[in-house]
1. Do we have any residue at all in segment B:7-21 that's under 22 Å from B:GLU101 (Cα atoms) and of a type outside the set (S, T, N, Q)?
2. Limited to segment B:95-110, what total is found for residues that are crowded, with 16+ Cβ neighbours inside 10 Å and more than 8 Å from chain A (Cβ to nearest Cβ)?
3. Check whether at least one residue in segment B:48-60 is within 25 Å of A:GLU5 (Cβ to Cβ) and buried (at least 20 other Cβ atoms within 10 Å of the Cβ), and report yes or no.
4. Looking at segment B:32-41, which of the residues that are modelled with pLDDT of 90 or more and of a type outside the set (Phe, Trp, Tyr) is farthest from B:GLU102 (Cα to Cα)?
5. What are the pairs with Cβ atoms under 6 angstrom where one residue, in segment A:23-44, is more than 10 Å from chain B (Cβ to nearest Cβ) and farther than 18 Å from B:PRO95 by Cβ and the other, located anywhere, is polar (S, T, N, Q) and open to solvent by less than 60 Å² (accessible area, probe 1.4 Å)? Sequence gap at least six, or different chains.
6. Here is a list: B:VAL12, B:VAL113. Which entry is away from chain A (no Cβ under 11 Å), over 21 Å from A:ALA91 (Cα atoms), open to solvent by less than 50 Å² (accessible area, probe 1.4 Å) and at pLDDT 90 or above?
7. How about segment A:49-82: which of its residues are modelled with pLDDT of 95 or more, among the β-branched types (Val, Ile, Thr) and in contact with a strand residue (DSSP E or B) (Cβ under 6 Å, 6 or more places away or on another chain)?
8. Select from segment A:1-11 the residues that are in a strand (DSSP E or B) and of a type in the set (S, T, N, Q) and write down the one among them that is nearest to the chain's Cα centre (by Cα).
Amino acid sequence: GENVEQHPSTLSVQEGDSAVIKCTYSDSASNYFPWYKQELGKRPQLIIDIRSNVGEKKDQRIAVTLNKTAKHFSLHITETQPEDSAVYFCAASIGMNTGNQFYFGTGTSLTVIP
Amino acid sequence: EADIYQTPRYLVIGTGKKITLECSQTMGHDKMYWYQQDPGMELHLIHYSYGVNSTEKGDLSSESTVSRIRTEHFPLTLESARPSHTSQYLCASSPLAGGPEEQYFGPGTRLTVT
C-alpha cells in the first residue's frame, strides 16, 4: 500500500519568514494530494490540494508543489503569521471512483514566533 | 448547512463498557471514514465505507465495528472499552465520484476510558 512520509515533525519560524513542509509518497498511482491544517482542539481543515496533472498550485500565501518523478510534494507558506501556528498533515490518495483511501503523513507542528 | 456531526463530543466511560460513537453527514457524500488520533499526532484509519452496506477495515479495526445502513449515518462501536482506547475519534466523508474528492472532517469525539 501507499506510504507517506512527512518532514520535519516540528518547525519554528519567525513571523514573516517562510515555512516549507515536505512529503514523499511511495505509490506512483497516487493522484490527489491534499494538505490539512489542524489547530489545537479542532478538526483538520483542507487548506490546499493538488492533482497529479498539475505541478504547482497557489492560493494567496500558501502554495503546493508536486514532483511526480521524485514522488514528493511540498507545502510552502510565505509571510507567516502567528495564526499559521498549527499541525499540518499531508495526504495522498489514489483514484476517484475506486476504493481510494487517504494516506496521511505523521504531521508537522508549526510554530510562528511573533 | 451541510456538515458532519459527531456525538458525543466528550465521553468518559469505564473499562469493559460497550459504546457507540455517532457520525452523521448532510454533505450528500458516499464515502465515510473513522480515524483515531491522539492530540496533534498522526491519523490512523479504523474503518471506511464506500456507501450503504459497504464497510472496510483500516489499520486499527480489530477492536471495533461499524455499520452503514443509511448513507448519512456511520456509527462506530467499541464492544468492550479499554484504557488503550482513550483517544480522539474523527469521522470524515468525501464524494465517491465526480467533482473534488476532498475529505471533510467532523469535530471529533474525545473518549476517555478509565
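The values are calculated or read from the model by the stated rules, or taken from the named source; none is laboratory data. Please read all numbers here as calculations on a predicted model, not as lab measurements. Cβ sites come from the backbone with ideal geometry, for glycine too, and all protein chains shown count toward neighbours. Just so you know, the surface numbers come from the protein's heavy atoms only, side chains and all, with ligands and any DNA or RNA stripped out. Shrake-Rupley method; radii C 1.70, N 1.55, O 1.52, S 1.80 Å.
1. no
2. 3
3. So far as segment B:48-60 goes, yes, one or more of its residues are within 25 Å of A:GLU5 (Cβ to Cβ) and buried (at least 20 other Cβ atoms within 10 Å of the Cβ).
4. Within segment B:32-41, the match that is farthest from B:GLU102 (Cα to Cα) is B:ASP38.
5. A:CYS23/A:GLN6
6. Exactly one residue qualifies, and that residue is B:VAL113.
7. Once the filter is applied, which keeps residues that are modelled with pLDDT of 95 or more, among the β-branched types (Val, Ile, Thr) and in contact with a strand residue (DSSP E or B) (Cβ under 6 Å, 6 or more places away or on another chain), segment A:49-82 yields A:ILE62, A:VAL64, A:THR65, A:ILE77, A:THR80.
8. Ranking the qualifying residues of segment A:1-11, first place goes to A:GLN6.
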